[in-house]
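Take a look at the structure below.
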Amino acid sequence: MSSFRASVDQMFTHAASLLDLPPGLEEKIRVCNSTYTVRFGVRLRGAIHTFVGYRSVHSEHHEPVKGGIRYAMNVDQDEVEALAALMTYKCALVELPFGGSKGGLRIDPRAWDEDELERITRRFTYELSRRSLISPSQNVPAPDMGTGEREMAWMADAYKRLHPEDIDARACVTGKPIGFGGIAGRIEATGRGVQYALREVFRTPPVLAQAGLDGTLDGKRIVVQGLGNVGFHAAEFLSSEDGARIIAVAERDGAVMNPAGLNIADLHAHMRETGGVRDFPGATFEPDADKALELDCDILIPAALEAVIHEGNAARIRAPMIVEAANGPITAEGDAILRQAGKVIVPDMYANAGGVTVSYFEWVKNLSHINFGRLERRQEEARHHLLVQELERLSDDHSLGWTLSEGFKQKYLRGADELELVRSGLDDTMRAAFQQMVTVVDGDPKVGNLRTAAYIVAIRRIAATYQALGL
């Protein structure tokens with residue numbers, strides 16, 4: 001089975017082979033520019049503990065470079081470099097002015113108390129800062145597996161203490177708490193992006209027809225693997241807002257299933273209380289979580305780990321559509337088997353781009369030092385008020401035979417707040433990127449699938465930037 005890094009390289013090479021790139025440019029785009037390994041000690045529990053961390057910079061065709069930091073025991077250089085490459089292509093696909101980067105710390109965050117984890121995180125930030133691997137203008141981390149708002153706040157504060165003169169210090173990371181320079185909608189962003197991606201798929205009949213699906217998301221049977229931040233929000237939004245049925249959820253301790261649909265909010269609460277999905281009321285429990293991937297359903301959403309679909313199980317996947325909410329959940333060999341079987345794969349570099357897109361909004365907010373909507377919201381409400389007044393005046397003329405509908409005035413008069421603006425920007429980004437992929441598929445029969453199309457869109461943009469730079 002190909003490693004995650006090998007899979008990314010294979011998919012990139014296949015897409016690049018369909019393009020007429022200048023000599024040497026393909027290799028320049030593909031290779032990782034640099035990877036730093038840091039080893040540092042922190043005195044904890046009466047002893048010095050040594051930790052190993054990584055920060056990989058894949059491409060600096062745009063700066064700053066962008067990418068999350070994960071805390072996990074399986075973090076290694078190959079994984080970080082593959083994720084950094086994927087970030088480069090992802091940012092190019094959704095037209096964000098970032099290069100790609102990724103970081104990780106080899107640690108089990110559950111093995112340490114909060115105060116210990118804070119000391120480790122602050123020391124890691126110091127090591128990154130010494131090498132210019134965290135900076136608003138050069139390298140901007142974000143949350144990833146095992147990290148969240150808390151860790152980003154610690155990192156931002158540590159960076160500010162090291163650089164008190166930097167007025168833009170809070171822009172050194174994204175994914176921070178709202179009260180510490182964060183932005184509304186960031187926690188939900190990746191899951192919300194998955195929802196918007198699927199909505200756009202269902203607005204594109206040729207793609208639906210290829211998967212043998214039709215209609216809307218309402219009633220569609222969905223299996224979700226991983227109910228972490230991404231999987232939870234995607235499942236919750238798709239079920240509560242679009243009417244989809246989440247018929248199974250796979251987690252570490254097994255899978256729960258209900259053909260009528262699971263209540264995702266209740267399941268999430270059960271997981272917080274018990275640590276797993278076992279014994280969730282009203283559902284069938286299956287101790288082998290991998291079996292959930294092979295259920296008969298309309299859409300499969302792997303939202304947790306890399307390489308969960310591979311040459312060993314790809315032929316048993318029955319879902320006609322797979323949406324990669326995780327990074328690299330399908331290996332190169334698994335991808336080939338699924339495509340041969342006619343499955344539609346919505347690729348990770350597109351499907352999970354919601355997180356980095358809203359991170360971009362947060363970064364811009366931090367640099368501008370003003371909340372989105374603060375300048376224009378009341379002015380927008382005032383303009384709407386003028387229109388409503390005129391409509392009310394006209395509706396008083398009973399000869400016209402119409403009146404304003406119930407609730408219209410209240411809805412229309414309210415100006416957009418930051419969350420609505422963020423969701424609007426994310427929705428627009430996901431729509432535009434998907435249609436660019438579809439245009440590439442339609443324009444060249446050799447492309448054949450959305451993943452290759454996504455790479456082609458990204459590679460073309462990166463190549464254009466390098467050529468503009470004179471490389």
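Relative contact order, percent, of the stretch 33-180 when contacts are C-alpha pairs under 8 Å separated by at least 6 residues? Before the final figure, lay out the partial values.
Numbers: 313 pairs, mean separation 34.9, N = 148.
Dividing the mean separation by the residue count of the stretch 33-180 yields 24 percent.
In the neighborhood of SER59, defined by Cβ-to-Cβ distances under 12 Å, what is the net charge if each Lys or Arg adds +1 and each Asp or Glu adds -1? It would help to have the intermediate numbers written out before the result.
On the way: positive: LYS28, ARG30, LYS66, LYS90, LYS102, ARG461; negative: GLU60, GLU63, GLU81.
Once positives and negatives cancel, what remains is +3.
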Review point. What are the residues whose amide H is under 5 Å from the amide H of HIS62, where those residues sit 5 or more places off or on another chain and H is modelled from the backbone?
Key: GLY99
**Study point:** Long-range Cα-Cα pairs in the chain (distance over 36 Å), rounded percent
**Key:** 32
**Study point:** Cα Rg over Rh - the stretch 111-193, Kirkwood
**Key:** 0.96
Exercise for review: For a footprinting-style exposure proxy, rank THR439, THR331, THR174 by other Cβ within 10 Å, fewest first.
Suggested key: THR439, THR331, THR174
Exercise for review: Evaluate the charge dipole of the stretch 344-471 about its Cα centre and quote only its size in Debye, nearest 20, assuming +1 on the Cβ of each Lys and Arg and -1 on the Cβ of each Asp and Glu.
Suggested key: 500
Practice item. Would you calculate, for the chain, the mean residue ellipticity at 222 nm contributed by helices, counting each DSSP H stretch of 4 or more residues as -39,500 (n - 2.57) and dividing by all residues, to the nearest 500? Key: -14000 deg cm²/dmol
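Expressed in nm to one decimal, what extension gain is obtained for the pair HIS49 and ALA382 from 0.36 nm per residue of sequence separation less their Cα-Cα distance? It would help to have the intermediate numbers written out before the result.
Numbers: separation 333, 0.36 × 333 = 119.88 nm, distance 5.96 nm.
Between HIS49 and ALA382, full extension yields 113.9 nm more.
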Check your understanding: Which loop-located GluC sites (Glu not before Pro) does the stretch 374-419 contain, where loop means any DSSP state but H, G, I, E or B and the Cβ has at most 12 other Cβ atoms within 10 Å?
Key -> GLU406
Exercise for review: Just give me a number: lysine pairs in the chain, eight or more positions apart or cross-chain, with C-alpha atoms less than 28 Å apart.
Suggested key: 26
**Study point:** Normalised contact order of the chain, rounded percent, pairs of Cα under 8 Å and 6 or more residues apart
**Key:** 16
Point to revise | Radius of gyration and Dmax over the Cα atoms of the stretch 189-354, both given in Å | key: 14.4, 43
Check your understanding: Can you tell which of GLY276, LEU93, LEU213 lies farthest toward the positive end of the dipole of the chain, using +1 and -1 charges on the Cβ of basic and acidic side chains (Lys, Arg; Asp, Glu)?
Key -> LEU93
Check your understanding: Out of the stretch 385-414, which chymotrypsin sites (Phe, Trp or Tyr not before Pro) are coil in DSSP terms and have no more than 10 other C-beta atoms within 10 Å?
Key -> TRP402
**Study point:** Contact order normalised by residue count of the stretch 189-354, Cα under 8 Å, 6+ apart, percent
**Key:** 24
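What is the dipole size for the chain, taken about its Cα centre, with +1 at each Lys and Arg Cβ and -1 at each Asp and Glu Cβ, in debye to the nearest 20?
The dipole magnitude comes to about 960 debye.
Read the figures in this text as sums done on the coordinates, not as results from a lab. Predicted model only: the values in this text are computed from it and were never measured. Cβ atoms come from the backbone with ideal geometry, glycine included; neighbour counts cover every protein chain shown.
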